[in-house]
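Notes follow the structure.
All of the numbers you see were taken from the coordinates with simple rules; none came from a lab. Just so we're clear, the structure is a prediction, and the values are computed from it rather than from any experiment. Neighbour counts run over all protein chains shown; Cβ positions are idealised from the backbone, glycine included.
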Amino acid sequence: MRLLVTSDLHYDPRGHLTDRAAIERMVEAMAKEQPTAVVLAGDLAHGLDAFGACVAMFRPLGCPVYVLAGNHDVWKDKVRKIDSETLWTRELPAATEAAGGVWLEATTARFGNVGLAGSLAWYDYSGIDKDLGIPEHRAGDLKQHLNNDAHWIDWQRTDIAFARELANAFMGRIETLSESDVEHIVLVTHVPIFEAQMHRKKGDKNWGVGNAYFGHLTLGDRVLSEPKLRAVVSGHTHWGVEAQIARRGLGPIDVRVVGSDYKIPSYTRVER
């Protein structure tokens, strides 16, 4: 099983961010790896039309393409006048299907003895730098000053409630895989879920508070005891990471963050 994971492509048809040519070059490189499947782990594009076009770029690979949304993907679409709630609940899943992809937030996949599950995951402020001494709940008040999600996401959901909702559903899908006869489980999330995936800048207060919107470490604590878990790949931070988490009495977990950045798309490989 060769799974290729990319994220944070930020496709922009206007060419201000990542253009089509850059993504198509990456797809050509992916094709040479003959993947079993591909996961697009969120923040794919700017605008609903661009989102669907981005997913469609991966059709030439000829393998299943699983899709997750990122926080940018639920920014209100000012051109089409579509609010964030409608994007999340209806338009993004529909655009994924129309482009030939599979909405991973609602299903799991299996490749031989390997099971795959994924989620946007969202952030619950648990990633805030603890040495700042700022309570996690204060991150909600500070968000408007530090993160554009506060200005471009127009639903009534709270971050903590949404993160919990997604986590509970995600754990249900993981449990389904765990109770099956798969031997290995691979998880893909948009938002990182382990401390080993976080990027810290000691002494930078704004960065430290900003990490509240870049991690869901509570979810990581929940999945850590899953005995079949072998790998977790996330996106969101644009900061490439490769690490391993040791577990007493259980096998280690390979953890990564895809290092894609604006105009520089990249991917990582998971093999079992």
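For every residue, the table says whether it meets (1) over 16 Å from the mean Cα position of the chain (by Cα); (2) of a type in the set (D, E).
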{"position": "L104", "(1), (2)": "no, no"}
{"position": "A109", "(1), (2)": "yes, no"}
{"position": "G112", "(1), (2)": "yes, no"}
{"position": "G118", "(1), (2)": "no, no"}
{"position": "D124", "(1), (2)": "no, yes"}
{"position": "I128", "(1), (2)": "yes, no"}
{"position": "I134", "(1), (2)": "yes, no"}
{"position": "G140", "(1), (2)": "yes, no"}
{"position": "H145", "(1), (2)": "yes, no"}
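Taking the criterion of being under 20 Å from L187 (Cα atoms) and of a type in the set (K, R), no residue of segment 8-67 qualifies. Look through segment 1-48, keep the residues that are closer than 29 Å to D149 by Cβ and β-branched (V, I, T), and return whichever of them is surrounded by the most Cβ atoms within 10 Å (Cβ to Cβ). Step by step, filter segment 1-48, then rank; the result is V39.
In segment 11-28, which residues are touching a Pro at 6+ places or on another chain (Cβ under 9 Å) and more than 12 Å from A53 (Cα to Cα)? Within segment 11-28, T18, A22, R25, M26, V27, E28 meet the criteria.
Highlighted here are the strands (runs of 3 or more DSSP E) found entirely within segment 1-81 that include at least 3 residues which are touching a residue at least 40 places away in the same chain (Cβ under 8 Å) and in contact with a strand residue (DSSP E or B) (Cβ under 6 Å, 6 or more places away or on another chain): 2-6, 37-41. What are the pairs, 6+ residues apart or on separate chains, where a residue within segment 177-197 that is touching a residue at least 12 places away in the same chain (Cβ under 8 Å) has its Cβ under 6 Å from a residue that is in a helix (DSSP H, G or I) and surrounded by 19 or more Cβ atoms within 10 Å (Cβ to Cβ)? Qualifying pairs under 6 Å: I185/L177; I193/L219; I193/G220; F194/G220. Please tell me if D129 is in contact with a Gly (Cβ under 6 Å, 6 or more places away or on another chain) and touching a residue at least 60 places away in the same chain (Cβ under 8 Å). Yes. Is at least one residue of segment 118-133 surrounded by 16 or more Cβ atoms within 10 Å (Cβ to Cβ) and charged (D, E, K, R)? Yes, that holds for at least one residue.
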